[in-house]
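Colleague: Once you've had a glance at the structure underneath, I'll fire off some questions.
The numbers here are math on the coordinates, done by the rules we state, and not lab data. Keep in mind the model is a prediction, meaning the values are calculated, not measured. Here the Cβ is made from the backbone with ideal geometry for all residues, glycine too, and neighbour counts use every protein chain on show.
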Amino acid sequence: MPYSLSKLDIAIVNSLQEDGRKSFRQISRELKISTPTIKFHYQRLVNIGLIKSISPIIDTNKLDYDSKLKIEKCHCETKVPNVNLSTDVSVKMICDYCDGPIGVKPSIFKFAKIERFFCCTSCKSLYKEKYKGRIESLIRKS
Ligand SMILES: [Zn+2]
């Protein structure tokens, strides 16, 4: 499809890059946008796969490398830079079933809070069939 980021999407990502533990309410106050709208956009960024996870940033200075557990130093010292996003950047989307690229018209399947994107209707049907049990239990839980 490629998904085009809106200014709000970018504001949410930037806000979470500052502090991933922020609540939706905090972001809502910060950006002066309603909490449900923030939640909706956040969920979509997760669904399209841009936000992979919210993870802690480790202060490597706190690690004692001389301790008995030998930690490989090289990896820990790489600092993960914040990603600068702009509305010119679009997010590449791949089919959730066959991993192929998604064209202009994606097939979208929504259930519970989740959205899955497919390159064609047959991938969508095959996905539904494959994950039938999981999908049904997620719908029941929501
Ligand atoms: Zn596909």
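Colleague: Spelling out what I want: for every residue of segment 91-105, take phi, set θ = phi - 60°, compute 6.51 cos²θ - 1.76 cosθ + 1.60 (Karplus), and round to whole Hz; glycine and proline get x.
Modeller: 9, 5, 10, 10, 4, 6, 9, 9, 6, x, x, 9, x, 5, 10
Colleague: Please sort 49-55, 116-122 by packing, taking for each peptide the average over its residues of neighbouring beta carbons within 10 angstrom, highest first.
Modeller: 116-122, 49-55
Colleague: Right, here's the next one. Going by average Cβ neighbours within 10 Å, how do the peptides 36-46, 18-28 rank, with the highest at the top?
Modeller: Per-residue mean Cβ counts within 10 Å order the peptides as 36-46, 18-28.
Colleague: Hey, another quick one. With only Lys, Arg, Asp and Glu charged, each at its Cβ (+1 for the first two, -1 for the last two), find how big the charge dipole of segment 93-142 is about the Cα centre; round to the nearest 20 debye.
Modeller: Here the size comes out at about 260 debye.
Colleague: Separate question: So, with +1 on the Cβ of K and R and -1 on the Cβ of D and E, and no other charges, what is the size of the charge dipole of segment 1-56 about its Cα centre, to the nearest 20 debye?
Modeller: 160
Colleague: Just rank V104, V83, V89, fewest to most, by other beta-carbon atoms within 10 angstrom.
Modeller: Placing the least packed residue first, the sequence is V104, V83, V89.
Colleague: For K128 and E115 in one chain, what is 0.36 nm times their gap in residues minus the Cα-Cα distance, to one decimal in nm?
Modeller: 3.5 nm
Colleague: Put a dot 7 Å past each Cα toward the Cβ at R140 and N84; how far apart are the dots in nm?
Modeller: The modelled label-to-label distance comes out at 5.0 nm.
Colleague: Take the alpha-carbon positions of segment 93-142, form their convex hull, and give its projected area averaged over all directions (one quarter of the hull surface) in nm².
Modeller: Over all viewing directions, segment 93-142 projects a mean Cα-hull area of 3.2 nm².
Colleague: If amide H atoms are built 1.01 Å from N in the plane of the peptide, which residues on other chains or at least 5 residues away come under 5 Å of the amide H of D96?
Modeller: Amide H neighbours of D96: F117, F118, C119.
Colleague: Still on this structure, please answer the following. Any idea what the relative contact order of segment 1-56 is, in percent, if you count C-alpha pairs under 8 Å spaced at least 6 apart?
Modeller: 38
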